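The values are calculated or read from the model by the stated rules, or taken from the named source; none is laboratory data. Quantities reported herein were computed from a predicted structural model and do not represent experimental measurements. As a convention, Cβ positions derive from the backbone with ideal geometry for all residues, glycine included, and neighbour counts pool all protein chains shown.
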Amino acid sequence: MMDSFGALRPPTAEEIDSLGDRLHLDLTDAEVEAYRELVAESLDAYATVRDIGQPPSPPTDTRDRDPGHRVRSGDPHNAWITKCHVAGDEEGPLAGWDVAVKDNIAVGGVEMTCGSQVMEGYVPARDATVVSRLLDAGADVVGKTNMDDFAFTGTGKSSAFGATLNPHDPERLPGGSSSGSAVAVAEGDVDMALGGDQGGSIRLPASWTGIVGHKPTHGLVPYTGAIGIENTIDHCGPMTRSVEAAAESLTVLAGKDPDDPRQPETVPTEDYAADLSGDPSDLSVAVVEEGFDRPESESVVDETVRATLDTLADAGATVESVSVDLHAAAGDVFTVAVAEAFVAAVSGEGLGHNWRGRYDTQWVDAFGRARRAQGGDFPPSVKLMLLLGSYTGEQYHSKYYAEAMNLRAELTAAYEELFAEYDLLAMPTTPMRAHEHDPDEDIFDWIDGAWANLGNTSAFNMTGHPSLSVPVEAADELPVGLMLTGSHFDDATVLDAGYAVERHR
């Protein structure tokens, strides 16, 4: 074992024996002693790395930074964790914008909790790349928003700092995990908020609060400096009150970051706002029938989304029904693929292993210590996924994880066949409207509702396609979202289709 504050301590025989049991090595007593000595000798390499060392991560820039304060009052829907102020450049395409940042995206010098007691008090030294880009574009960061604990719930109820509430009906939840970002936008507190999307966490709260939420193509927007769940499904993107504002934001956020290995060698970008026309006449839309009439669907949501698509067709778009059988199972495929991957990410101290890019040593050390000391403070959703992934990985030696990953490829191919003929796929963002909040529900009801709304959204985290939730006509004053999904790196068409919906709904 290694103590970052002192000497490297060699293992005891009991520790080697215990590790051997966990790794199924069947060590004899003689082997235990031999490996104890060999591991102790091998620690010399670790001492070399320690002695070379790394200086503490310097601040991203020299901006004046108000570290802010915890929000204790004047926040009726519990959208904020911290209010702060970091001024952006005086000029730039987003000059004059106030932006909020989900609290698992680093703002240098400002506490980042990930919505969890486990990380209370952690202050990153550097900005996430997306935050630096917003500041360079003139936007001011005005606070960190509430979120589901470690982004592992789809409703907005699991934050250690209390559930976020829906401004359309405070008895209901706003969706998660980017719950506070959605509410801050919906209430007009900010011009844009950054969200993170691992299974729908931008689009779900956008749907339930009546705003626009865009999950960009995987790799279009860098994730460096944001804390995720699994690097093949982690996305960062804008949440706004209009498609035009989302497009303006994406223009600033998109592009290559050498520190992010999730991105391809070349990242194609464009001026997404300049490309908006709102003309549906050139759009071809495939309506995926498996996205409707799900077991958890509300008929009013299906009807409202279909009516919007009919209106789009009347305005000149080609709108046709299609079937993707595997889409109906996408939520289950997602669960199986993510459970063991999440265990691996946590075991890798929040970042994992085996990838090129910048490793945030400050985060690795802080998270590693915190999870060992306070793992009991994780919410039920995190505990369940860690236990599930650990059990199935051990019991079935990752066979089903491997099969789920292969099904991800099949699902991607099925959508790609449609994109050879159509510009877009369409379905409800969430099959239902916002859930009521029951703070007294037992653990079984709590878990049952935690992911019930991501049956449609999670598919496109697995495939990486760009996906937009745009609000359509409300049903009984509760928002409904239409989800539009396009080809990889064709975010411009997805946004333009959302703009057309805004103009013709």
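Numerical summary
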| item | result |
| --- | --- |
| Some residue of the stretch 166-184 being closer than 23 Å to S242 by Cβ and touching a His at 6+ places or on another chain (Cβ under 6 Å) | yes |
| Filter pass, K102 being assigned by TED's automatic domain parsing to the domain that holds V252, out of contact with any helix residue (DSSP H, G or I) (no Cβ under 8 Å at 6 or more places or on another chain) and under 30 Å from P379 (Cβ atoms) | no |
| Tabulated pairs, the stretch 129-141, first within 16 Å of T224 (Cα to Cα), second of a type in the set (G, A, S), C-beta under 6 angstrom, 6+ apart or interchain | T129/G225; L135/G88 |
| Test: residue in the stretch 154-176 that is crowded, with 24+ Cβ neighbours inside 10 Å and touching a Cys at 6+ places or on another chain (Cβ under 8 Å) | no |
| From the options G210, G255, G225, residue that is within 13 Å of the chain's Cα centre (by Cα) and either in the same structural domain as A344 (by TED's automatic domain parsing) or in contact (Cβ under 8 Å) with a residue 40 or more places away in the chain (or both) | G225 |
| Check on S277, more than 26 Å from the chain's Cα centre (by Cα), farther than 26 Å from S178 by Cα and part of a loop (DSSP other than H, G, I, E, B) | yes |
| Matching residues in the stretch 98-123 - criterion: being buried (at least 23 other Cβ atoms within 10 Å of the Cβ) and in a loop (DSSP other than H, G, I, E, B) | D103, N104, A106, V107, G108, V110, M112, T113, C114, G115, S116 |
| Residue list for the stretch 435-456, filter: of a type in the set (D, E, K, R) and either in a loop (DSSP other than H, G, I, E, B) or in contact with a Leu (Cβ under 7 Å, 6 or more places away or on another chain) (or both) | D438, D440, E441, D442 |
| Of the criteria (1) modelled with pLDDT under 95; (2) within 16 Å of V190 (Cβ to Cβ); (3) among the aliphatic types (A, V, I, L, M), which one A47 fails | (2) |
| Residue within the stretch 416-436 that is surrounded by fewer than 23 Cβ atoms within 10 Å (Cβ to Cβ), under 15 Å from V285 (Cβ atoms) and among the acidic types (D, E) present | yes |
| Filtered residue count, the stretch 283-313, keeping only those that are in contact (Cβ under 8 Å) with a residue 12 or more places away in the chain and either in contact with a His (Cβ under 9 Å, 6 or more places away or on another chain) or acidic (D, E) (or both) | 10 |
| Residue list for the stretch 280-305, filter: under 24 Å from the mean Cα position of the chain (by Cα) and of a type in the set (S, T, N, Q) | S297 |
| Selection from the stretch 269-278 of residues that are surrounded by 15 or more Cβ atoms within 10 Å (Cβ to Cβ) and either of a type outside the set (D, E, K, R) or under 22 Å from L418 (Cα atoms) (or both) | T269, Y272, A273, L276, G278 |
| Conditions (1) in contact (Cβ under 8 Å) with a residue 12 or more places away in the chain; (2) polar (S, T, N, Q); (3) surrounded by fewer than 17 Cβ atoms within 10 Å (Cβ to Cβ); (4) not in a helix (DSSP H, G or I): number failed by N231 | (3) |
| Unmet requirement for E296, which otherwise passes all of (1) closer than 18 Å to Q198 by Cβ; (2) at pLDDT 90 or above; (3) in a loop (DSSP other than H, G, I, E, B); (4) not basic (K, R) | (1) |
| Matching helices (runs of 4 or more DSSP H) fully within the stretch 343-422 where at least 2 residues are in the same structural domain as S158 (by TED's automatic domain parsing) and within 26 Å of A328 (Cβ to Cβ) | 380-395, 399-419 |
| Residues within the stretch 374-397 that are over 26 Å from M119 (Cβ atoms) and exposed (fewer than 14 other Cβ atoms within 10 Å of the Cβ), tallied | 4 |
| Only one of R126, R65 that is more than 22 Å from D191 (Cβ to Cβ), surrounded by 15 or more Cβ atoms within 10 Å (Cβ to Cβ) and at pLDDT below 95 | R126 |
| Condition met for A459 (buried (at least 21 other Cβ atoms within 10 Å of the Cβ), assigned to a loop (DSSP other than H, G, I, E, B) and touching a Ser or Thr at 6+ places or on another chain (Cβ under 9 Å)) | no |
| Of the criteria (1) loosely packed, with under 15 Cβ neighbours inside 10 Å; (2) at pLDDT below 95; (3) charged (D, E, K, R), which one E349 fails | (1) |
| Per-region count, the stretch 310-325, residues under 12 Å from E289 (Cβ atoms) and either aliphatic (A, V, I, L, M) or not in a strand (DSSP E or B) (or both) | 4 |
